[in-house]
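*Asks:* Just dropping this structure here.
The values are calculated or read from the model by the stated rules, or taken from the named source; none is laboratory data. In this text, all values refer to a predicted model and were calculated from it rather than measured experimentally. Cβ atoms come from the backbone with ideal geometry, glycine included; neighbour counts cover every protein chain shown. With ligands, DNA and RNA removed, areas are computed over all heavy atoms of the protein, side chains included. Shrake-Rupley method; radii C 1.70, N 1.55, O 1.52, S 1.80 Å.
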Amino acid sequence: MKNLEDIDATSPENLRDPYPYYARLREEAPVFRDPKTGIVSVSTYDLVLEVNKRPKIFSSNFASLLNSGGKGRFDEEEESILAEGLRRCNTMLTADPPDHSRYKRIAMQALPHSRIMAMAPYIAEVTNGLIDKFSADGKVEFKSQFAEMLPGIVIADALGIPREDIPMFQTWVRAAILRLNGNAKPEERPALAHSEIAMQKYFLETMAERRKNPGDDVVSDLIQASMPTEEGERPLDEAEIYSIVQQIFTAGQEATAHALTYALAQLLANPEQLEAMMSDDSLVANMVEEAARHLSPSHNMWRIVKQDTVLGGVELKAGEPMLIRYGSANRDESKFDNAGKFDVSRENAKNHIAFGAGVHTCLGMTLARLEMVTALPIVLKRLKNLRFANPEDPFSFATSHILRGMQSLELVFDPEEGTDQRADDRILEAN
């Protein structure tokens, strides 16, 4: 057996199945400094929670690490391309209090809890419209045809983006995720940087249009919002608005798509769990929590040690990069009995920290939960005899150390007869 120091945590094999490595981290070195990279891994539930509760010591000002895929710097060509775009600014994910709190409050005002909770009928309508498109086929690649499209439509509608532009946005989001994950080849990164600039230009045009013709959408709300400062209130500038919008779209699209796909895959792989949930509607919400815990779509996240400190008995130096491993924390046996088991009846499933913790608890968690609670029962009721197309090898995970999820999910089912042929109309009328 290899020593922890000799294991490549970023190898494709480890990224596809990181849990044996996580188990060793929790047992042997809950705070582990990788000698090859200098990155400090924090892997137990209690220690990940502690890091989140100490933002003054463990900073979220990690934009350079995140945007460079963990390198902390850009190559010269990539840097020159990005210099053509908006200035980089830290708003929510990559900001510390008090700035983080100010930006998050503005975003929450643009997408308040009451507005989200009123969206259930609309989400159900969008869900049925998407299913209409493939229900007569008897087969579906669930991730691309449904799991990516549902949050894509919901977020696009909230931002006031035309639905016909969603495929273009999803291409940009995939490029952004590839940059953040750190597994893009050096020769690929200039093209990914150009994709970032294209997304910025689109939103700059959108902002300009909303300034002339405000609407009932998040972009219009952000344009009209005010940021409190020591000198008084001021409007957000374009870079700040773009940063917030990009985070809403990227996180809401990718994390929710991964969670939807994974939850359905786990239910189909565990028929006794599916049967339990289908016979007891009260378990649906708990199943969503268990799927979030079991997967942890936002699998790892960066922090920067801000000052010399001690964590878990390990001395840390100011400036050290850190990965807090949510995917490991949510499989911690000291908090979740038989943590590797997917159990829709798990009593403490909601104690997971898949949506973060402390000041950086995910802004979009209420919407993600609502989408899953609303959509998955409809999917399971409409697609009769739903099963894996490739039962011997149904799971195919992407190799990523930031976001974790399945690359695809091929399913077959009994074709639905008499399918409503007005699927496009239903989706267009949903909002």
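*Asks:* Every residue in the stretch 32-77 that is open to solvent by less than 50 Å² (accessible area, probe 1.4 Å), modelled with pLDDT of 90 or more and farther than 24 Å from Pro18 by Cβ, please.
*Replies:* Passing the criteria: Pro55, Ile57, Ser59.
*Asks:* Those residues that are under 19 Å from the mean Cα position of the chain (by Cα) and among the aromatic types (Phe, Trp, Tyr), I need them from the stretch 116-150; list them, please.
*Replies:* Listed by number, the residues that qualify are Phe142, Phe146.
*Asks:* On to the next question. Taking Glu5, is it over 30 Å from Met199 (Cα atoms) and open to solvent by 70 Å² or more (accessible area, probe 1.4 Å)?
*Replies:* yes
*Asks:* Let me ask something else. Just name the residue that is least open to solvent (accessible area, probe 1.4 Å) out of those in the stretch 8-17 that are under 18 Å from Phe395 (Cβ atoms), in contact with a Ser or Thr (Cβ under 8 Å, 6 or more places away or on another chain) and of a type outside the set (D, E, K, R).
*Replies:* Ranking the candidates gives Leu15 first.
*Asks:* Can you work out which of the residues in the stretch 278-297 that are among the polar types (S, T, N, Q) and out of contact with any Asp or Glu (no Cβ under 9 Å at 6 or more places or on another chain) is modelled with the highest pLDDT?
*Replies:* The extreme case among them is Ser296.
*Asks:* For the stretch 374-393, enumerate the residues that are open to solvent by less than 50 Å² (accessible area, probe 1.4 Å) and in a helix (DSSP H, G or I).
*Replies:* Thr374, Ala375, Leu376, Pro377, Ile378, Val379, Leu380, Arg382
*Asks:* Just need a number here: residues in the stretch 227-244 that are out of contact with any helix residue (DSSP H, G or I) (no Cβ under 6 Å at 6 or more places or on another chain) and closer than 19 Å to Ile155 by Cα.
*Replies:* 2
One line per residue, one yes/no per condition, for (1) open to solvent by 40 Å² or more (accessible area, probe 1.4 Å); (2) among the hydrophobic types (A, V, I, L, M, F, W, C); (3) under 30 Å from Gln407 (Cβ atoms); (4) more than 21 Å from the chain's Cα centre (by Cα):
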site: Val154; (1), (2), (3), (4): no, yes, yes, no
site: Arg174; (1), (2), (3), (4): yes, no, yes, no
site: Ala193; (1), (2), (3), (4): no, yes, yes, no
site: Ser220; (1), (2), (3), (4): no, no, no, yes
site: Ile223; (1), (2), (3), (4): no, yes, no, yes
site: Thr229; (1), (2), (3), (4): yes, no, no, yes
site: Ala239; (1), (2), (3), (4): no, yes, no, yes
